[in-house]
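Contents: one structure, followed by commentary.
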Amino acid sequence: MVKKKEFLMEPISDFIETTGPSDLIDKEQDHTTFSVFKLLFSDEIINLVVRQTNLYAQQRLNILMGIKRSPSYRDYWSSAPDLHDSYISQLVNRFGWLVPTIHLNDNKMIPKKNEIGYDKLYKVRPYLTVLKYNFQKYYNPNKIIAVDESMIKFKGRSTLKQYMLKKTIKRGYKVWLLADKKGYIWNFEIYSGKVGENVEKNLGGRVVKDLSFPLQNKNHHLYIDNFFKNKNMKLGDYDWQITADQDNISIVKWKEKRIVSLLSNFHDPQNVTQVQRKSKDGSATMVKCPKVLQDYNNNMNCVDKFDQNKKSYQIDRKSHKW
């Protein structure tokens with residue numbers, strides 16, 4: 001039997017960063033929902049949309065709709081008494097003109113597929129860049145942060161569309177998100193598939209490093225999903241090892257219905273707790289569970305909180321398949 005390396009947990013540095021709205025926001029002022037929205041969806045973004053939309057119109061938004069929903073945006077201006085909305089319809093109907101015309105980047109400057117600078121997200125890249133900058137500019141994330149996947153619903157034709165069976169939204173654009181305990185999205189990356197003919201290796205590791213890099217050495221507790229191979233274990237069994245170097249990274253495997261695998265550099269793998277599980281005959285038993293898994297379950301729901309908040313105000317724009 002191989003003797004396990006003794007786990008010597010070094011003292012964890014205290015998290016002393018300021019969290020919540022940044023100093024760029026006047027915290028003495030009474031902010032409205034709209035004033036906060038304007039910080040993120042800034043004048044720079046509006047000017048970008050206006051400039052590129054006018055440019056596109058020469059070459060050839062409604063927030064209320066997220067609150068007062070109709071089957072189609074045209075229904076807001078319908079004369080039918082059961083569909084007509086007197087408040088929204090008093091606004092000039094430029095929305096119908098904007099929908100097919102709105103643009104975020106110059107079509108004439110798009111690099112071709114084999115050219116330097118080719119970007120599958122070229123048409124929205126300037127918007128994404130400014131939006132990400134604003135997300136980070138006006139908010140300091142909580143000590144607890146997590147990286148996970150989210151889906152933007154889309155059923156039309158797109159080479160970027162993904163199918164994820166286990167997600168609530170099964171078809172759409174996959175987005176990697178770094179969120180904090182409050183459900184605030186601080187960093188993100190839209191998955192655009194393989195680059196050229198090459199499938200990216202170690203995609204998950206690269207994404208986690210990229211999204212968390214701006215927060216390096218600030219002593220956040222980062223939680224991420226896991227993908228490891230199984231081994232023969234019984235319910236409640238767990239095993240662990242420690243890396244041979246000085247990093248003291250613990251590798252823990254625990255058996256529930258499936259194998260659960262975890263990595264941590266701030267948990268002692270020998271710390272366990274008890275959880276209740278039901279057997280096939282309906283009886284309840286208490287089984288050992290690594291403390292690191294309990295912490296993971298308590299703190300890995302950051303992106304889920306964001307998804308819940310997003311669902312409250314999202315609108316559905318139907319698309320047509322050619």
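The values are calculated or read from the model by the stated rules, or taken from the named source; none is laboratory data. This one's a predicted model, so the numbers in the text were calculated from it and none came from an experiment. When we count neighbours, we look across all protein chains shown, and the Cβ atoms used for this are built from the backbone with ideal geometry, even at glycine. Please note that ligands, DNA and RNA were not included when accessible areas were found on the heavy atoms of the full protein model with its side chains. Shrake-Rupley method; radii C 1.70, N 1.55, O 1.52, S 1.80 Å.
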Self-check item: Selection status of residue 231, within 30 Å of residue 188 (Cα to Cα), at pLDDT below 80 and outside any helix (DSSP H, G or I)
Solution: no
Self-check item: Enumeration of residues in region 75-89 that are farther than 25 Å from residue 57 by Cα and either open to solvent by 60 Å² or more (accessible area, probe 1.4 Å) or of a type in the set (Ser, Thr, Tyr) (or both)
Solution: 78, 79, 81, 82, 83, 84, 86, 87
Self-check item: Selected residue (only one of 308, 274 is open to solvent by 30 Å² or more (accessible area, probe 1.4 Å), among the polar types (S, T, N, Q) and within 23 Å of the chain's Cα centre (by Cα))
Solution: 308
Exercise. Restrict the check to region 72-84 and report whether at least one residue is under 29 Å from the mean Cα position of the chain (by Cα) and under 25 Å from residue 311 (Cα atoms).
Key: yes
Exercise. Output yes when any residue across region 165-176 is surrounded by 14 or more Cβ atoms within 10 Å (Cβ to Cβ), assigned to a loop (DSSP other than H, G, I, E, B), touching a strand residue (DSSP E or B) at 6+ places or on another chain (Cβ under 6 Å) and of a type outside the set (Asp, Glu), and no when none is.
Key: yes
Quiz item: Does region 186-198 include one or more residues that are within 30 Å of residue 27 (Cα to Cα), more than 15 Å from the chain's Cα centre (by Cα) and either part of a helix (DSSP H, G or I) or polar (S, T, N, Q) (or both)?
Solution: no
Self-check item: Filter result (farther than 15 Å from residue 59 by Cα and assigned to a loop (DSSP other than H, G, I, E, B)) within region 92-117
Solution: 92, 93, 94, 111, 112, 113, 114, 115, 116, 117
Quiz item: Among the residues of region 88-109, is any under 21 Å from residue 158 (Cβ atoms), over 28 Å from the mean Cα position of the chain (by Cα) and among the basic types (Lys, Arg)?
Solution: no
Quiz item: In region 285-322, what count of residues is obtained for those that are at pLDDT 85 or above, of a type in the set (A, V, I, L, M) and over 20 Å from residue 239 (Cα atoms)?
Solution: 2
Exercise. Test residue 35 against the stated conditions and say whether it is in a helix (DSSP H, G or I), among the small types (Gly, Ala, Ser) and either at pLDDT 90 or above or more than 28 Å from residue 182 (Cα to Cα) (or both).
Key: yes
Practice problem: Quick one: in region 17-32, of everything that is open to solvent by 100 Å² or more (accessible area, probe 1.4 Å) and at pLDDT below 90, which residue is nearest to residue 241 (Cα to Cα)? | Solution: 27
Quiz item: residue 219 is checked against (1) among the polar types (S, T, N, Q); (2) touching a Ser or Thr at 6+ places or on another chain (Cβ under 6 Å); (3) open to solvent by less than 40 Å² (accessible area, probe 1.4 Å) and fails just one. What number does that condition carry?
Solution: (3)
Exercise. Within region 193-202, identify whether any single residue is out of contact with any Pro (no Cβ under 6 Å at 6 or more places or on another chain) and either aromatic (Phe, Trp, Tyr) or surrounded by 13 or more Cβ atoms within 10 Å (Cβ to Cβ) (or both), and answer yes or no.
Key: no
Exercise. Return the only residue of 72, 42 being at pLDDT 90 or above, on the phi < 0 side of the Ramachandran plot and open to solvent by less than 50 Å² (accessible area, probe 1.4 Å).
Key: 42
Self-check item: The lone exception for residue 143 - which of (1) out of contact with any His (no Cβ under 8 Å at 6 or more places or on another chain); (2) over 23 Å from residue 203 (Cβ atoms); (3) open to solvent by 30 Å² or more (accessible area, probe 1.4 Å); (4) at pLDDT 90 or above it fails
Solution: (1)
